[in-house]
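Notes for the one structure printed next.
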Amino acid sequence: MDGNIVVMSYSGNVGKSTIVRHLLMPHMTGYTLKEVESINSSGNDAIVVNGENIGSHLDDLILSEGNIFDVGASNVERFMDALRLRDGAHEDISLFIVPVTPDNKQIVDGVNTIRHLIDYGVATVKILVIFNKVPASLIGEDVKERFAPYFKMKEKWPELRVSVEYVIHQNELFDKLTRQKMTIPELASDNTDYKAEIARTKDEKVRAELAKKLTFVRMARAIGKQLDT
């Protein structure tokens with residue numbers, strides 16, 4: 001797709017930076033990541049935007065495409081205020097991604113995020129909900145039941161981009177790779193023949209470490225297929 005993307009939620013701990021790092025940046029070649037965060041940086045390779053300077057970066061979008069804004073929860077109000085001061089500025093943004101987790105507070109905060117975007121004038125077709133950190137046991141209708149408020153919103157606004165297919169399941173690998181500064185696609189592309197390496201050594205510690213690496217690669221490939229979808 002072309003245009004600019006915003007990832008935002010009034011709630012923290014919904015995995016915005018994880019979605020940016022493992023889903024968006026590997027698939028959106030050539031995009032520039034800008035983190036609007038006044039507390040902490042996620043560690044992603046990004047341009048850090050101070051909350052007070054959001055307006056100037058929004059102005060730049062008039063002449064620029066290919067930007068992804070990761071808006072920290074502490075700066076969502078500032079971001080929305082900057083939009084309100086620029087009537088029609090949302091037209092320079094092609095997609096608003098709202099991540100949400102199964103926790104009750106995050107579900108409520110996500111709904112409020114969407115309502116505020118709609119009240120501002122953002123077309124519902126530009127709003128995409130990603131269900132994140134979802135237990136692997138929740139699929140299909142179970143997802144619909146757990147995140148029922150969003151599907152009720154879709155009944156009111158049919159173009160709202162809500163689907164049981166837009167799910168990222170909970171996985172320990174995300175945290176491990178964040179510490180290693182590696183993405184899921186990078187790990188999934190590891191073509192090392194670990195089975196052969198295991199067969200070549202008798203050292204049990206080395207064998208165990210190689211087996212662990214192979215397990216992580218297999219997990220990354222499984223997650224990668226979901227992210228590609």
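Do any residues in region 207-229 that are surrounded by 14 or more Cβ atoms within 10 Å (Cβ to Cβ) and among the basic types (Lys, Arg) have Cβ atoms under 8 Å from those of residues that are assigned to a helix (DSSP H, G or I) and modelled with pLDDT of 90 or more, where the two are at least six apart or on different chains, and which pairs are they?
Listed by first residue and then by second, the contacts come to Arg207/Ile198; Lys213/Tyr194; Arg221/Ala188.
Identify, by number, the condition in (1) at negative phi; (2) basic (Lys, Arg); (3) in contact (Cβ under 8 Å) with a residue 12 or more places away in the chain that Arg179 doesn't meet.
Here Arg179 meets the rest and fails (3).
Under the condition of being open to solvent by 90 Å² or more (accessible area, probe 1.4 Å) and part of a loop (DSSP other than H, G, I, E, B), which residue from region 159-172 is farthest from Lys225 (Cα to Cα)?
Checking each candidate, the answer is Glu159.
Just to verify a result, which residue in region 68-126, among those that are hydroxyl-bearing (Ser, Thr, Tyr) and in contact with a Phe, Trp or Tyr (Cβ under 6 Å, 6 or more places away or on another chain), is most open to solvent (accessible area, probe 1.4 Å)?
Out of the qualifying residues, it is Thr124.
Go through region 189-206 and give me each residue that's of a type in the set (S, T, N, Q) and surrounded by 11 or more Cβ atoms within 10 Å (Cβ to Cβ).
Ser189, Thr192, Thr201
Return the total of residues in region 50-91 being among the charged types (D, E, K, R), in contact with a Leu (Cβ under 7 Å, 6 or more places away or on another chain) and over 24 Å from Thr18 (Cα atoms).
Qualifying residue count, region 50-91: 1.
Could you say which residue among Val217, Val167 is more than 18 Å from Pro135 (Cβ to Cβ) and of a type in the set (A, V, I, L, M, F, W, C)?
Being more than 18 Å from Pro135 (Cβ to Cβ) and of a type in the set (A, V, I, L, M, F, W, C) holds for just one of Val217, Val167, which is Val217.
Looking at this structure, is Gly121 more than 20 Å from Lys34 (Cα to Cα) and more than 18 Å from the chain's Cα centre (by Cα)?
yes
Kindly provide the set of residues from region 55-84 that are assigned to a helix (DSSP H, G or I) and either closer than 19 Å to Asp2 by Cα or modelled with pLDDT under 80 (or both), ordered by number.
His57, Leu58, Asp59, Asp60
What residue, of Val143, Val129, is part of a helix (DSSP H, G or I), at pLDDT 90 or above, among the β-branched types (Val, Ile, Thr) and open to solvent by less than 60 Å² (accessible area, probe 1.4 Å)?
Val143
Exactly one condition in (1) surrounded by fewer than 21 Cβ atoms within 10 Å (Cβ to Cβ); (2) at pLDDT 85 or above; (3) in a loop (DSSP other than H, G, I, E, B) is false for Asn44; which is it?
Condition (2) is where Asn44 drops out.
Could you tell me whether region 89-112 includes any residue that is among the polar types (S, T, N, Q), in a helix (DSSP H, G or I) and without any contact (Cβ under 8 Å) to a residue 24 or more places away in the chain?
yes
The values are calculated or read from the model by the stated rules, or taken from the named source; none is laboratory data. Please read all numbers here as calculations on a predicted model, not as lab measurements. Here the Cβ is made from the backbone with ideal geometry for all residues, glycine too, and neighbour counts use every protein chain on show. Protein only, heavy atoms only, side chains kept; ligands, DNA and RNA dropped before computing areas. Shrake-Rupley method; radii C 1.70, N 1.55, O 1.52, S 1.80 Å.
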